[in-house]
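Visitor: Handing you this structure, nothing more for now.
The values are calculated or read from the model by the stated rules, or taken from the named source; none is laboratory data. It should be emphasised that the depicted structure is a prediction, and the values quoted were computed from it without experimental measurement. Because the Cβ atoms are built from the backbone with ideal geometry, glycine has one as well, and the counts that use them run over all protein chains shown. Quick note on the areas: whole protein, heavy atoms, side chains included, nothing else; ligands and nucleic acids left out. Shrake-Rupley method; radii C 1.70, N 1.55, O 1.52, S 1.80 Å.
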Amino acid sequence: MKMKRTLSLLLALVLSLSLLAGCGGGNSDQPAQDPPPQQGGDTQTPTDTDKPAEPAEPAAPAAGPITVAALASGYEEAYPGMWQEVCNAFTTETGIEVNLICDKNLEDVIGPSMQGGDFPDVIHLATGREKGLTEQFIKDRNIADLTDVLSMTIPGESAKVGDKIVGGFTDTSVTNPYGDGKTYLAPMFYSPCGLFYNAGLFEEKGWSVPTTWDEMWELGDKAHAEDPEMYLFTYPTTGYFDTFIPSMLYSAGGVDFYNKALRYEEGIWDTPEAQTFFDITAKLASYTNPITPAQANDQDFTQNQQLVLDNKALFMPNGTWVVGEMAEAPRADNFKWGMTALPAAKAGGAGVSYCWLEQAWIPAQAPNMDAAKQFVAFLYSDAACAIFAKGNAIQPVPGLTGNLEGDNKMFYAIYDNGAEAAMGGFAAYNAVAGLGSVREEFQDPFNGLVNGSLTKEDWIAGVKEASDQMRANLMG
């Protein structure tokens, strides 16, 4: 699903009311967990012989323990112990113990045990990672249906999960990958994504932030002429193009083209809008700092982000988490965070900011399914939301942006400032021998465009060939 200005206005309205749905199956009248029976006291009616009442059965032990595996991202760095605090709050509320696994390289930690049949109960790991673990679970249909969680009452509250989430966030191709009307991935932290830059440098130079790609090329030429070590663009890894490329598609062709491209519609890559997309993207590769591909991996990506802090690249695609991720990094004396939407393809067009969603999900083989669903429901509690917000991890729940300050207040106002919001991702397809992921087929080749090992024509041919196979094997 794609959100155009309608979503922008909706988000702005919700945010202004005080703080940033779906209805699932299941019996919403039933509590998530039966209350324990009462203990002690003469709870039975005495017999005629005044026989003492039998004592009540002891309370049933809480379910679990459960294992929660969460990525230690920039949000965790901004507020260390964030996930552990949420797990502790869940245990306090439900009595269910939680074993937490929290690591920057989460796939490497949980992957081997899952191969041996030992699965966590809940996983917080978004799509778009280099190792593609979440995408693999989606392709293999090994993710549990969470639709019934939307109708569950949040532990410790009277509200239901679906009523707590801003409308539209459980109806995207990211959360509903099979197009069957069901939600499999819970929308977690959302972030307006765009191009991050050093606003202090722009102020010092008297530069205006470009609003069109023609203006971008002009600025890139000017900056590089002044300082040969300064380039227009860099990117952390090609994984970050999972928001950049959709935004570029929207910028190049608008909502109709955007939706057709995300479904690999036949002939879509031969349209004038697609040619605009290919032309801009390929030209951007020639304006990219040439050191970028060598550092564009999950171990060295912060070195590419450092290029912006050192004024060796003007813009990079990213999300609001980058502030916490680079909080301790050295920087130029004039550095000050800035963020802008992707420029319009043509003069007079609107900028585009992709609304990035991280996801939490439950493996189909989770050993404690009921308790796992309780944990997912608890993630939308006031208590959990308040803890996450300390790390600037904002969920699509009304009321969470009102207390933002500084950089984050500026970032989340991007839709108020005229940017159009894009949501959703490329449609899921069944695994095919020889066919890689969307990242491998569409995004990773950008490294080759930058270092010269791949031509624009070969990239376009590869996108068309892969798209044909993806369309022929769509899920749902």
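Visitor: Just give me the residues in the range 390-404 being of a type in the set (A, V, I, L, M, F, W, C) and surrounded by 22 or more Cβ atoms within 10 Å (Cβ to Cβ), in sequence order.
Guide: Let us first name the residues in the range 390-404 that are of a type in the set (A, V, I, L, M, F, W, C), namely 393-394, 397, 400, 404.
Answer for the range 390-404, where residues must be of a type in the set (A, V, I, L, M, F, W, C) and surrounded by 22 or more Cβ atoms within 10 Å (Cβ to Cβ): A393, I394, V397, L400.
Visitor: A follow-up question, please. Collect the residues in the range 319-338 that are at pLDDT below 95 and either of a type in the set (V, I, T) or closer than 30 Å to G253 by Cβ (or both), keeping them in residue-number order.
Guide: G319, T320, W321, V322, V323
Visitor: Follow-up question, since we're still on this one. Would you mind listing the helices (runs of 4 or more DSSP H) fully within the range 209-299 where at least 3 residues are modelled with pLDDT under 95 and touching a helix residue (DSSP H, G or I) at 6+ places or on another chain (Cβ under 6 Å)?
Guide: 241-262
Residues checked against (1) hydrophobic (A, V, I, L, M, F, W, C); (2) under 19 Å from the mean Cα position of the chain (by Cα); (3) within 17 Å of A261 (Cα to Cα):
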{"position": "G418", "(1), (2), (3)": "no, no, no"}
{"position": "G425", "(1), (2), (3)": "no, yes, yes"}
{"position": "A431", "(1), (2), (3)": "yes, no, no"}
{"position": "Q443", "(1), (2), (3)": "no, yes, yes"}
{"position": "F446", "(1), (2), (3)": "yes, no, no"}
{"position": "G452", "(1), (2), (3)": "no, no, no"}
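Visitor: Could you tell me which of the residues A186, A199, A126, A159 is crowded, with 18+ Cβ neighbours inside 10 Å and more than 21 Å from the chain's Cα centre (by Cα)?
Guide: Only one candidate passes the filter, namely A199.
Visitor: Here's something else I'd like to know. Can you tell me which of (1) within 17 Å of F244 (Cβ to Cβ); (2) of a type outside the set (S, T, Y); (3) open to solvent by 30 Å² or more (accessible area, probe 1.4 Å); (4) not in a loop (DSSP other than H, G, I, E, B) is the one Q303 doesn't meet?
Guide: The one condition Q303 does not meet is (1).
Visitor: Picking from S173, S191, which residue would you name as being part of a strand (DSSP E or B), more than 24 Å from A371 (Cα to Cα) and at pLDDT below 95?
Guide: Just one listed residue meets the conditions, S191.
Quick grid of which residues meet (1) at pLDDT 95 or above; (2) outside any helix (DSSP H, G or I); (3) more than 21 Å from I362 (Cβ to Cβ); (4) among the aliphatic types (A, V, I, L, M):
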position	(1), (2), (3), (4)
V68	yes, yes, no, yes
E77	no, no, yes, no
Q84	yes, no, no, no
N88	yes, no, no, no
T92	yes, no, yes, no
I96	yes, yes, no, yes
I101	yes, yes, no, yes
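Visitor: Here's a follow-up. For the range 73-86, which residues satisfy the criterion of being under 12 Å from F388 (Cβ atoms) and open to solvent by less than 10 Å² (accessible area, probe 1.4 Å)?
Guide: Y75, M82, W83, V86
Visitor: Working only within the range 448-470, note down all residues that are surrounded by fewer than 20 Cβ atoms within 10 Å (Cβ to Cβ) and either polar (S, T, N, Q) or touching a Cys at 6+ places or on another chain (Cβ under 9 Å) (or both).
Guide: The answer is N451, S453, T455, Q469.
Visitor: Consider only pairs whose beta carbons are under 9 Å apart and that are at least six residues apart or on different chains; among these, list those whose first residue lies in the range 134-156 and is assigned to a strand (DSSP E or B) and whose second residue is of a type in the set (V, I, T).
Guide: I143/T134; I143/I362; T153/V161
Visitor: Say whether the condition of being open to solvent by 10 Å² or more (accessible area, probe 1.4 Å) and in contact with a Gly (Cβ under 8 Å, 6 or more places away or on another chain) is met by at least one residue in the range 134-141.
Guide: no
Visitor: Something else now. Name the residue, out of Q395, Q469, that is outside any loop (DSSP other than H, G, I, E, B), more than 24 Å from G351 (Cβ to Cβ) and either within 21 Å of the chain's Cα centre (by Cα) or not charged (D, E, K, R) (or both).
Guide: Q469
Condition check ((1) open to solvent by less than 30 Å² (accessible area, probe 1.4 Å); (2) in a loop (DSSP other than H, G, I, E, B); (3) out of contact with any helix residue (DSSP H, G or I) (no Cβ under 8 Å at 6 or more places or on another chain); (4) of a type in the set (F, W, Y)) across all residues:
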| site | (1), (2), (3), (4) |
| --- | --- |
| T320 | yes, yes, no, no |
| P330 | no, yes, no, no |
| Y354 | yes, no, no, yes |
| A372 | yes, no, yes, no |
| V376 | yes, no, no, no |
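Visitor: While we're here: Among (1) open to solvent by less than 40 Å² (accessible area, probe 1.4 Å); (2) within 19 Å of the chain's Cα centre (by Cα); (3) of a type outside the set (G, A, S); (4) within 28 Å of N408 (Cα to Cα), there is one condition D171 misses while meeting the rest; what is its number?
Guide: Of (1) open to solvent by less than 40 Å² (accessible area, probe 1.4 Å); (2) within 19 Å of the chain's Cα centre (by Cα); (3) of a type outside the set (G, A, S); (4) within 28 Å of N408 (Cα to Cα), only one is false for D171: (1).
Visitor: Within the set of pairs 6+ apart or on separate chains, which have a first residue in the range 365-385 that is modelled with pLDDT under 95, a second that is crowded, with 21+ Cβ neighbours inside 10 Å, and C-beta atoms under 7 Å apart?
Guide: Final answer for the pair search is none.
Visitor: Hey, another quick one. Please go through the range 229-276 and pick out each residue that is open to solvent by 40 Å² or more (accessible area, probe 1.4 Å) and within 15 Å of Q443 (Cα to Cα).
Guide: Y240
Visitor: Can you pull out the residues in the range 409-442 that are crowded, with 21+ Cβ neighbours inside 10 Å and not in a loop (DSSP other than H, G, I, E, B)?
Guide: Passing the criteria: F411, E420, A421, A422, Y429, V438, R439, F442.
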